[in-house]
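Chemist: Mind having a look at this structure? Questions to follow.
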Amino acid sequence: MEFLKPSAVKSGLKRTVLALLLLVNIPSGSLQAEEEGREYAVKAVFLYNFCQFIEWPRQQFPSANTPFVIGILGSNPFGSLLSETVQGEVVRGRSIRLEYYQRPADAHNCHILFVSDEELARNPNVCAVLRGQSVVTVGESDAFLERGGMIALASEQNRIRVRIYLEAVGASKIEISSKLLRIADIKR
């Protein structure tokens, strides 16, 4: 898979992630558990920040009180990290709510849907089910993008790389901010 490299940009998104890495309180345990905790803490911040850097069609927010909905398909790899990250946060005047789904078809009303690699193995057609809808699908690997996912938060050399598949984004009615595109590897 070929990606275009991002330019070196210091954006609010990048600073937020770096600040989290400095402040995050990692639970004690094995090195692998600590690394996984750090990985999902960073991914949680990215999911939160995506609410700020992606535009959805108006009909995705039927009222002024409609919250941003971040969904997780299948088992929750974040533990409490994602709920702690978004708790009490307001983005563009909207609260953030987490929802959990067992079937891809049930997630059509969320704004962002996270699909772990483990869940992708169980539901390989998740992106096909949601294609053309205004649900930002976020996975963990290039395999997710190859199956039509929009964004991958890929772990690479102890860093999380944001990869965006423009064709999948183009099939929906969302718009991704140039600030987010600048920090991402772009798949065309």
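Chemist: Just need a number here: residues in the range 121-143 that are part of a loop (DSSP other than H, G, I, E, B) and basic (Lys, Arg).
Modeler: Total satisfying the criteria: 1.
Chemist: A further question follows. Go through the range 139-161 and count every residue that is aliphatic (A, V, I, L, M) and surrounded by fewer than 23 Cβ atoms within 10 Å (Cβ to Cβ).
Modeler: 4
Chemist: Can you pull out every residue in the range 50-84 that is assigned to a helix (DSSP H, G or I) and either surrounded by 15 or more Cβ atoms within 10 Å (Cβ to Cβ) or at pLDDT 95 or above (or both)? Steps first, answer last, please.
Modeler: Just the residues of the range 50-84 that are assigned to a helix (DSSP H, G or I), to begin with: 50-53, 58-60, 81-84.
PHE50, CYS51, GLN52, PHE53, GLN60, LEU81, LEU82, SER83, GLU84 - these are the residues of the range 50-84 that are assigned to a helix (DSSP H, G or I) and either surrounded by 15 or more Cβ atoms within 10 Å (Cβ to Cβ) or at pLDDT 95 or above (or both).
Chemist: Continuing with this model, one more query. Output the residues belonging to the range 167-180 that are out of contact with any helix residue (DSSP H, G or I) (no Cβ under 9 Å at 6 or more places or on another chain) and surrounded by 14 or more Cβ atoms within 10 Å (Cβ to Cβ).
Modeler: Matches in the range 167-180: VAL169, ALA171.
Chemist: I need the full set of residues from the range 109-142 which are of a type in the set (Gly, Ala, Ser), more than 15 Å from the chain's Cα centre (by Cα) and modelled with pLDDT of 95 or more, in order please.
Modeler: ALA121, ALA128 - these are the residues of the range 109-142 that are of a type in the set (Gly, Ala, Ser), more than 15 Å from the chain's Cα centre (by Cα) and modelled with pLDDT of 95 or more.
Chemist: Another question about this same structure. Out of ASP106, ASP117, report the one residue that is in contact with an Asp or Glu (Cβ under 6 Å, 6 or more places away or on another chain) and surrounded by fewer than 19 Cβ atoms within 10 Å (Cβ to Cβ).
Modeler: Values: ASP106 fails: in contact with an Asp or Glu (Cβ under 6 Å, 6 or more places away or on another chain).
After applying the criteria, what remains is ASP117.
Chemist: What number of residues within the range 144-188 satisfy the criterion of being in a loop (DSSP other than H, G, I, E, B), out of contact with any Asp or Glu (no Cβ under 9 Å at 6 or more places or on another chain), at pLDDT below 95 and not charged (D, E, K, R)?
Modeler: 3
Chemist: Among (1) within 27 Å of GLU156 (Cβ to Cβ); (2) in contact with a strand residue (DSSP E or B) (Cβ under 9 Å, 6 or more places away or on another chain), where does ASN109 come up short?
Modeler: (1) is the only condition that ASN109 fails.
Chemist: Out of all the residues in the range 106-120, is one or more among the charged types (D, E, K, R), touching a residue at least 12 places away in the same chain (Cβ under 8 Å) and in a loop (DSSP other than H, G, I, E, B)? Before the answer, list the steps.
Modeler: Looking only at the range 106-120, we keep the residues that are among the charged types (D, E, K, R), and these are 106, 117-119.
Those left that are additionally touching a residue at least 12 places away in the same chain (Cβ under 8 Å): 117-119.
Retained after the next criterion (residues that are in a loop (DSSP other than H, G, I, E, B)): none.
Within the range 106-120 (the criterion being among the charged types (D, E, K, R), touching a residue at least 12 places away in the same chain (Cβ under 8 Å) and in a loop (DSSP other than H, G, I, E, B)), the answer is no, since none of the residues qualifies.
Chemist: Which members of the range 88-105 meet the condition of being in a loop (DSSP other than H, G, I, E, B) and within 19 Å of TRP56 (Cβ to Cβ)?
Modeler: Across the range 88-105, the qualifying residues are GLU89, ARG92, GLY93.
The values are calculated or read from the model by the stated rules, or taken from the named source; none is laboratory data. Since we're looking at a predicted model, the values are computed, not measured. We place every Cβ from the backbone using ideal geometry, glycine too, and count neighbours over all the protein chains shown.
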